[in-house]
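Worksheet: one structure, shown below.
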Amino acid sequence: MSDHANTPDLTKPSGEDPHLSRQLSNRHIQLIAIGGAIGTGLFMGSGKTISLAGPSVIFVYMIIGFMLFFVMRAMGELLLSNMAYKSFSDFAADLLGPWAGFFTGWTYWFCWIVTGIADVIAISGYFKYWWPGLAAWIPALLTIAALLLLNLPTVRAFGETEFWFALIKIIAIVSLIIVGIVMVVSGFTAPNGATSGIDNLWNDGGMFPTGFMGFVAGFQIAVFAFVGIELVGTTAAEAKDPEKNLPKAINSIPIRVLLFYVVALTVIIAVTPWREISADKSPFVAMFTLAGLGIAASVINFVVLTSAASSANSGIYSTSRMVFGLAQEGDAPRALGKLNSRKVPANALMFSCIFLLASLILLFSGDSVIEAFTVVTTISALLFMFVWTIILASYMVYRKRRPHLHEASKFKMPGGIVMCWVVLAFFVFILWALTTKDDTLQALVVTPIWFVVLGIAWAIIRRRPAHRARYDAFKSELDASRQNGDK
């Protein structure tokens with residue numbers, strides 16, 4: 001996957017090899033990482049999570065954020081151990097074998113295509129708030145066209161778009177926190193007589209009012225809110241000064257989780273007792289409405305729309321880079337491994353956008369699609385967990401085979417191998433949690449079909465002499481880069 005990245009300086013072309021361009025600055029990387037950590041689920045799905053788990057939802061988000069921080073640190077140490085790695089699919093292929101690069105790359109592509117389709121359909125729904133008579137396929141098609149046009153010019157254009165999308169989300173959450181604190185301090189009383197106060201966190205059944213299984217149920221929904229947190233790992237080949245900017249972005253993950261998830265949800269429950277938070281409505285809209293901000297619904301609808309657009313934008317970016325890399329290794333058609341004159345993988349971009357057009361078909365399928373989306377999003381979360389597991393497995397092999405690189409690393413993963421096993425045990429717990437509900441259990445049952453399809457494709461591709469030759473070239477380039485780094 002790194003024919004294009006055979007020296008530590010990937011900005012300088014060598015012969016005719018395609019090279020991505022390092023145009024993403026520190027502010028782009030930071031905001032892309034924040035955008036990946038703040039999902040639409042926080043704005044729209046947190047109401048259902050609160051209704052299931054009560055105030056213990058705060059611990060749910062803290063635990064998931066804590067565990068995924070170590071996945072990101074493992075990814076960071078690996079990416080910086082060899083500057084020829086373009087993404088986590090590269091180091092998976094290098095450390096676990098070519099099958100791992102193939103499975104990881106295509107699984108990550110599928111993750112974002114599924115998520116992107118969900119986002120495009122969601123955007124169509126948000127447009128109906130302002131234009132209820134508008135045919136759903138029109139905003140969907142316009143969204144896909146806009147995403148393509150935003151990503152085609154340069155990678156900097158993507159970074160700039162994502163910067164502003166993420167900034168809108170940050171402003172909305174910080175505003176909610178400030179308004180909520182003022183309401184709690186002033187002892188705000190709602191029209192139904194409910195009084196704001198920090199004691200709302202424990203005065204109705206304690207912190208775990210729905211019991212252990214209610215607490216477990218919170219993980220089923222909350223884990224999907226974190227998909228995309230690894231997105232910063234796909235920016236490695238296009239980041240300016242990655243040795244400095246990637247660690248800064250990864251290390252700020254705990255602060256983001258505390259501020260954007262824990263503090264926001266704490267404020268929401270402190271203002272409105274958890275039993276009165278509607279499962280099917282955004283608690284953000286409800287709280288702003290209580291505060292007397294009449295335009296809250298319009299503002300939050302705009303914020304959620306941009307959040308979904310941000311997610312779809314990130315998906316188009318990451319899938320195009322992943323397919324570009326797969327083509328470089330021979331795991332995808334060669335045409336998808338070409339760059340245009342602005343160093344953008346235009347063919348890979350259009351390839352991913354074509355699959356997003358499936359959202360138009362779903363929009364004509366009726367309301368039954370909504371029921372299927374619980375299954376679809378659960379499948380997506382499961383596939384993201386597979387990618388996170390591959391990252392941890394790659395790290396453990398790296399520690400065993402290349403201890404000298406770990407010793408030389410300036411960005412060592414805290415906890416090392418021990419924390420890898422702890423996080424993997426946590427993923428097993430999540431899988432068990434998904435078996436406790438019928439809809440998520442259905443997703444668990446159908447997910448293996450994807451890996452069967454990949455296995456068949458891999459059995460065909462691996463036999464091709466051209467694939468073997470290109471993988472050997474990929475390995476030799478990684479080895480050359482590693483030797484240059486050792487010097």
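The values are calculated or read from the model by the stated rules, or taken from the named source; none is laboratory data. Everything numeric in this text was worked out from a predicted model, so none of it was measured. We place every Cβ from the backbone using ideal geometry, glycine too, and count neighbours over all the protein chains shown. Side chains are part of the model used for accessible areas, which takes the heavy atoms of the whole protein and leaves out ligands, DNA and RNA. Shrake-Rupley method; radii C 1.70, N 1.55, O 1.52, S 1.80 Å.
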- prompt: Of the residues in the range 183-220, how many are touching a residue at least 12 places away in the same chain (Cβ under 8 Å), closer than 23 Å to Gly292 by Cα, open to solvent by 20 Å² or more (accessible area, probe 1.4 Å) and hydrophobic (A, V, I, L, M, F, W, C)?
  reply: 3
query: Which one of Leu231, Leu259, Leu246 is aliphatic (A, V, I, L, M), more than 18 Å from Val304 (Cβ to Cβ) and either open to solvent by 10 Å² or more (accessible area, probe 1.4 Å) or free of Cβ contacts under 8 Å to residues at least 24 places away in the same chain (or both)?
result: Leu259
- prompt: Looking at (1) charged (D, E, K, R); (2) touching a Leu at 6+ places or on another chain (Cβ under 9 Å); (3) part of a helix (DSSP H, G or I), can you tell me which one Arg73 breaks?
  reply: (2)
statement: Across (1) open to solvent by less than 30 Å² (accessible area, probe 1.4 Å); (2) more than 22 Å from Ala74 (Cα to Cα); (3) free of Cβ contacts under 8 Å to residues at least 40 places away in the same chain, Gly416 clears everything bar (2)
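Condition check ((1) touching a strand residue (DSSP E or B) at 6+ places or on another chain (Cβ under 9 Å); (2) under 14 Å from Ser311 (Cα atoms); (3) at pLDDT below 80) across all residues:
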site	(1), (2), (3)
Trp109	no, yes, no
Ile113	no, yes, no
Gly116	no, yes, no
Val120	no, yes, no
Lys128	no, no, yes
Trp131	no, no, no
Ile138	no, no, no
Ile144	no, yes, no
Leu147	no, yes, no
field: In the range 435-450, residue most open to solvent (accessible area, probe 1.4 Å) [restricted to those that are outside any helix (DSSP H, G or I) and farther than 14 Å from Met385 by Cα]
entry: Lys437
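Of all helices (runs of 4 or more DSSP H) completely enclosed by the range 244-299, which ones contain at least 1 residues that are charged (D, E, K, R)? Even if it seems obvious, please write down each step before you answer.
Working: elements: 253-256, 264-271, 283-290.
Per the criteria, 253-256.
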query: Any idea which of (1) under 19 Å from Lys86 (Cα atoms); (2) out of contact with any Leu (no Cβ under 7 Å at 6 or more places or on another chain); (3) in a helix (DSSP H, G or I); (4) not acidic (Asp, Glu) is the one Asn340 doesn't satisfy?
result: (3)
- request: Mind counting the residues in the range 193-242 that are assigned to a helix (DSSP H, G or I), modelled with pLDDT of 80 or more and more than 23 Å from Thr378 (Cβ to Cβ)?
  value: 4
message: Please verify whether Thr107 is of a type in the set (Val, Ile, Thr) and either touching an Asp or Glu at 6+ places or on another chain (Cβ under 6 Å) or crowded, with 24+ Cβ neighbours inside 10 Å (or both), treating the condition exactly as stated.
response: no
- prompt: Could you list, in sequence order, the residues of the range 395-413 that are under 16 Å from Pro247 (Cβ atoms) and free of Cβ contacts under 8 Å to residues at least 24 places away in the same chain?
  reply: Ala408
- prompt: Filter the range 147-156 for residues that are in contact (Cβ under 8 Å) with a residue 24 or more places away in the chain and part of a helix (DSSP H, G or I); which is most open to solvent (accessible area, probe 1.4 Å)?
  reply: Arg156
message: Every residue in the range 70-89 that is among the hydrophobic types (A, V, I, L, M, F, W, C), over 12 Å from Pro247 (Cα atoms) and open to solvent by 10 Å² or more (accessible area, probe 1.4 Å), please.
response: Phe70, Met83
Subset of the range 81-107 [at pLDDT 85 or above and assigned to a loop (DSSP other than H, G, I, E, B)]: Gly97
